[in-house]
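A quick write-up on the structure given underneath.
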């Protein structure tokens, strides 16, 4: 069963065309999703647009990464119920979006779901896999954030309830997001790698 109400935002400067293409191709094999790219107006994305890998393109507001992600997520069509973002050098695994959305559909208390995440080198070889597990939800309140954001999927209504990403947290904006999502719902762990 595919579920068309997933949205994935990819913020990019357009300076790494090969990585961007691999990222977008991975989204297409991960499940049915609306792919929205946030990029500067000057970025030439014709190489991926011609392949049909982008559904929507919006112009980067130019006020930093969390703001670009927020703008992209807010720009997704209203029918999108589940969302996330990927860096242009991140990848999803085949079928991973469907596996994650199935949990969110079957558990209305879940604000997000996360699984493992493969960390890869520039040639796509897996260096290590984050298998942090369910306990990562509790550890992040007192220690490091071991929830791999690229290996997650978020319920849009919960993301909107927390007001999106808080741009004042610098590079810790995803940690803050997971903490806030835990206050409005439950995080669920999927025992497989998603990204």
Report summary line: Of the residues in the stretch 19-33 that are more than 20 Å from residue 98 (Cβ to Cβ) and touching a helix residue (DSSP H, G or I) at 6+ places or on another chain (Cβ under 9 Å), the one that is surrounded by the most Cβ atoms within 10 Å (Cβ to Cβ) is 20
Query raised in the report: Under 6 Å by Cβ, and 6 or more places apart or on different chains, what pairs join a residue from the stretch 173-187 that is without any contact (Cβ under 8 Å) to a residue 60 or more places away in the chain and at negative phi with one that is surrounded by fewer than 19 Cβ atoms within 10 Å (Cβ to Cβ) and in a helix (DSSP H, G or I)?
Result: 176/169
Query raised in the report: What are the residues in the stretch 114-131 that are closer than 12 Å to residue 190 by Cα and either surrounded by fewer than 21 Cβ atoms within 10 Å (Cβ to Cβ) or modelled with pLDDT of 90 or more (or both), if any?
Result: 116, 131
Report task. Go through (1) modelled with pLDDT under 85; (2) over 25 Å from residue 62 (Cα atoms) one by one and return the number of the condition residue 186 breaks. Result -> (1)
Query raised in the report: How many residues, within the stretch 1-15, are touching a helix residue (DSSP H, G or I) at 6+ places or on another chain (Cβ under 9 Å) and under 20 Å from residue 69 (Cβ atoms)?
Result: 9
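Residues checked against (1) buried (at least 18 other Cβ atoms within 10 Å of the Cβ); (2) over 26 Å from residue 120 (Cβ atoms); (3) more than 16 Å from the chain's Cα centre (by Cα):
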position	(1), (2), (3)
48	yes, no, yes
60	yes, no, yes
63	no, yes, yes
68	yes, no, no
71	yes, yes, no
78	no, yes, yes
89	no, no, no
96	yes, no, no
Query - Unmet requirement for residue 36, which otherwise passes all of (1) surrounded by fewer than 22 Cβ atoms within 10 Å (Cβ to Cβ); (2) in contact (Cβ under 8 Å) with a residue 40 or more places away in the chain - result: (1)
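When you scan the stretch 134-170, how many residues do you find that are part of a loop (DSSP other than H, G, I, E, B) and either modelled with pLDDT of 80 or more or closer than 19 Å to residue 104 by Cβ (or both)? First the steps, then the outcome.
Going through the stretch 134-170, the residues part of a loop (DSSP other than H, G, I, E, B) turn out to be 134-135, 140-148, 162-166.
Of the ones still in play, those that are also either modelled with pLDDT of 80 or more or closer than 19 Å to residue 104 by Cβ (or both) are 134, 147-148, 162-166.
Of the residues in the stretch 134-170, 8 are part of a loop (DSSP other than H, G, I, E, B) and either modelled with pLDDT of 80 or more or closer than 19 Å to residue 104 by Cβ (or both).
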Query raised in the report: Got a sec? Which helices (runs of 4 or more DSSP H) wholly within the stretch 14-111 have at least 2 residues that are under 21 Å from residue 190 (Cβ atoms)?
Result: 17-30, 96-106
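The values are calculated or read from the model by the stated rules, or taken from the named source; none is laboratory data. None of these values were measured; they are calculated from a predicted model. Here Cβ is always computed from backbone atoms with ideal geometry, including for glycine, and neighbour counts include all displayed protein chains.
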